[in-house]
Amino acid sequence: MRAVRALGRAARREWGPLWSAVRASLAADGLRAVPMTLVAVCLTGLLQVAQNRPRGYGPVQTLGAVRAQDPLGVALLRTPLSLFVPALDLPVWGALAQMLLVFGVAEICLGRWRTLLIAYVATLAGTLYARIGIAAGPDGFFGLPASDARIVDTGPSAAVVALAVCVCCAYRARVTGALVIAAMVAEAVVKDNLAGREHLAAIVAALVLCAVPVLRGRRREGQGLGEGAGTRSGAPPMRS
């Protein structure tokens, strides 16, 4: 019983604040709390149906398929839509379920625009990493073979990984965040392919985005301490 209680307390510490935030929002607004997530899931499903049809494959590839061999300007124009183009060789239902869960939690906990920003930056990080890795070559540090230039970049999975990490950082679910990162590292080691490497690039981008507000807060604290250090005890601050 003690072990069960200890596990329960650990689970409440890990997921309690996150669960409370999600439950309160859904209880108050229902699906209206996650409109962006619903649009993203529907768009991904529609693109999956379209790209599996003879007349739809070409337009989807033209508008949303990003490869390292594409000109950079073209790739950047396609990147926003590429976020919602699922991989052809993977079950789409898994991708849709991941998006519904992770995008939904992120939209509630981080906000709609911040969620979109993180998703886009993570996707862009994978796209840019592929170009850098191929330029470095297979013998370079984190380099990639030239053949990967013809492979379509990862779709929503990079954004899902990055959002999961950011939510865990925001709500201090450190164990869960560490497990997500460890799983992606293991994936890259066991199945060393472009998608696995891009997931790692997305994690790096997510960690950088998480670190920015922390560093800003410390800088403001440091500035406040510096201003206070020049003030006499018991005297009001000097005015210029």
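List of remarks:
- Comparing mean-square fluctuations of Ala202, Ala162, Ala188 from a GNM of the chain with C-alpha springs under 10 Å, the top value falls on Ala188.
- Shown here for the range 134-195: chymotrypsin sites (Phe, Trp or Tyr not before Pro) in loop regions (DSSP other than H, G, I, E, B) with at most 16 other Cβ atoms within 10 Å, namely Phe141, Phe142.
- Most fluctuating residue given options Thr79, Thr37, Thr176, as computed from a GNM of the chain linking Cα atoms under 10 Å: Thr176
- Rounded to the nearest 20 debye, dipole of the chain from Cβ charges on Lys, Arg, Asp, Glu: 1000 debye
- Multiplying the residue separation of Asp89 and Trp113 by 0.36 nm and removing their Cα-Cα distance gives an extension gain of 5.6 nm.
- Among Arg67, Arg220, Arg114: highest mean-square fluctuation, GNM of the chain, C-alpha pairs under 10 Å: Arg220
- Computing Rg and Dmax of the Cα atoms in Å for the structure here picks out one of (i) 20.9, 83; (ii) 21.6, 78; (iii) 18.0, 52, namely (ii).
- Unit charges at the beta carbon, dipole of the chain: most positive-side option, Gly111, Leu144, Ala182: Gly111
- Taking amide H as placed 1.01 Å from N in the peptide plane, Gly155 has its amide H under 5 Å from the amide H of Ala87, each at least 5 places away in sequence or on another chain.
Every number in this text was worked out from the coordinates using simple rules, so none of it is lab data. Keep in mind that what you see is a predicted model, and the values were worked out from it rather than measured. Every residue, glycine among them, receives a Cβ derived from its backbone with ideal geometry; neighbour counts consider all protein chains shown.
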